[in-house]
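Below: the structure, in structure tokens.
Read the figures in this text as sums done on the coordinates, not as results from a lab. What you see is a predicted model; the values in this text were computed from it and never measured. As a convention, Cβ positions derive from the backbone with ideal geometry for all residues, glycine included, and neighbour counts pool all protein chains shown.
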Amino acid sequence: MAKISKDDVLKIAHMSHIELLDAEIPAIISQLEDVLTYAERVQQLAADIQEPVVKNINIFRDDIVVPADAQAILERAPQREDDFFVVPSILEDK
């Protein structure tokens, strides 16, 4: 892990528009080093995790295609045009 210097802390404080007292800098250095150490440990642990090649698999049931009568469904639509549902527009025309 790279060590955080006083200059690093002052640069971060300047970019963040934070005023620091000289007495606060050692504690902030320690806290930033703790955060970086933690992040490094998380990266090491994440490297050991095996990601599945296929995601979003339903393990509780098989996907089964159920045939349905499209016309019966479309007949229940409040508005339809040919074989499509008509829904309110949510985007404005420009």
Quiz item: Among all residue pairs at least 6 apart or on different chains, which show Cβ distances below 7 Å where the first residue, located in the stretch 49-76, is under 21 Å from VAL87 (Cβ atoms) and the second is assigned to a loop (DSSP other than H, G, I, E, B)?
Solution: ALA70/ASP83; LEU74/ASP83
Quiz item: Are any residues in the stretch 1-31 within 29 Å of the chain's Cα centre (by Cα), of a type outside the set (Lys, Arg) and part of a helix (DSSP H, G or I), and if so, which ones?
Solution: ASP8, VAL9, ILE12, ALA13, HIS14, MET15, ILE28, ILE29, SER30, GLN31
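For every residue, the table says whether it meets (1) more than 30 Å from ALA2 (Cα to Cα); (2) not acidic (Asp, Glu).
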| position | (1), (2) |
| --- | --- |
| ARG41 | no, yes |
| ASP48 | no, no |
| VAL66 | yes, yes |
| ILE73 | yes, yes |
| ALA77 | yes, yes |
| ASP82 | yes, no |
| GLU92 | yes, no |
Exercise. Would you check if ASP83 is loosely packed, with under 10 Cβ neighbours inside 10 Å and in contact with a helix residue (DSSP H, G or I) (Cβ under 8 Å, 6 or more places away or on another chain)?
Key: yes
